[in-house]
Structures are given as C-alpha cells and as structure tokens.
Amino acid sequence: MTIFPGILHNTILLSALTAWIIAQVLKVGINLLIQQKLDLALLLSSGGFPSSHSAMVSALALGIGKYSGWQSPLFAVAAVFALIVMYDAAGVRREAGKQAEVINQLVERFHQSSDLAQERLKELIGHTPLEVFGGALLGTIVGLLA
C-alpha cells in the first residue's frame, strides 16, 4: 500500500499544514518584534496572532472548494467545520482563557496564606476576532497559492 507517498502528494493536506506552520512561525517572529525575546515554545502553542487553527481550516476549506467544487457536499462540510473552529477559537476558548486568568489570580491570593501548591492554568488558549481574521486571511492566501 502506498499511503505515505499519497499523503506527500495531497495538495489540500499540504496546503493546510503549510498554513499552520507559517502561522506558528509568524507568532515567534511577531513576539520577537514586540517583546524583543525569542520564544520558540510559541511554535507549538495555541493562542496569539495569527490563529493557526483558523489558518489551517481556511486553507483546508479553500483547497476542497478549488479541487472538489464549490457546490460539493465535501466543501460544505469543510466550510461549516472551518466556521465552527473559528467561532470556538474566538468564543469558547477565549472565554476559557479569561476564566483561567481569574482562577490563577485567585489561587495566587489564596496561596499566599496557605501551603497550597497549584500549577498555573494556561491563559492564552483562545483568540481575539482580529487573531482569527488574521489566521483566516493567511489560510486563504496559502490556499489560493497551492
């Protein structure tokens, strides 16, 4: 069976993965410009500008539309999937990040008066609408170039 060579020639999959990689590398570069420090951990993190999730699903949906047809049921599924991912990134995951920030503050206050050892919750897990838009734009550009 020739699964691996087939994957290497799947333009749609490669486009989506390329959009994700570019978004993650851009996060490192943008952080370097703004914070003036190199943080390679951002290569594998969620949150930040641009949204790599949005970039990936946008490139995926665009690729499916280009190759399977804009009227195809497969494009409809990919487009709805992309909208759900982007809505979740800017909605549910963003709110969960805000809640984590408040919980971390409460634990720090409580920790000062007790022996509680608590690991900090990750706060940067969602996206602002601008971060989602930036990711969607990046994914669209990558998808058009593929």
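The values are calculated or read from the model by the stated rules, or taken from the named source; none is laboratory data. What you are looking at is a predicted structure, and each value in this text was computed from that prediction instead of being measured. Here the Cβ positions follow ideal geometry from the backbone for every residue, glycine too, while neighbour counts run over all protein chains shown.
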Practice problem: Filter the stretch 120-130 down to residues that are surrounded by 24 or more Cβ atoms within 10 Å (Cβ to Cβ) and at pLDDT 85 or above, then give me how many there are. | Solution: 0
Practice problem: Examine the stretch 60-76 for a residue that is without any contact (Cβ under 8 Å) to a residue 12 or more places away in the chain, part of a helix (DSSP H, G or I) and under 20 Å from residue 138 (Cβ atoms), and state whether such a residue exists. | Solution: no
Quiz item: Looking only at the stretch 49-104, which residues are more than 15 Å from residue 133 (Cβ to Cβ) and aromatic (Phe, Trp, Tyr)?
Solution: 67, 70, 75, 81
Quiz prompt | Filter result (among the basic types (Lys, Arg) and closer than 23 Å to residue 60 by Cβ) within the stretch 21-43 | solution = 27
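Yes/no matrix, rows are residues, columns are (1) surrounded by fewer than 18 Cβ atoms within 10 Å (Cβ to Cβ); (2) of a type in the set (A, V, I, L, M, F, W, C):
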| site | (1), (2) |
| --- | --- |
| 58 | no, no |
| 61 | no, yes |
| 68 | yes, no |
| 80 | yes, yes |
| 83 | yes, yes |
| 92 | yes, yes |
| 106 | yes, yes |
Quiz item: Within the stretch 47-59, which residues are in a helix (DSSP H, G or I) and either touching a His at 6+ places or on another chain (Cβ under 9 Å) or at pLDDT 95 or above (or both)?
Solution: 53, 54, 55, 56, 57, 58, 59
Quiz item: Any chance the stretch 34-46 includes a residue that's at pLDDT 95 or above and assigned to a helix (DSSP H, G or I)?
Solution: no
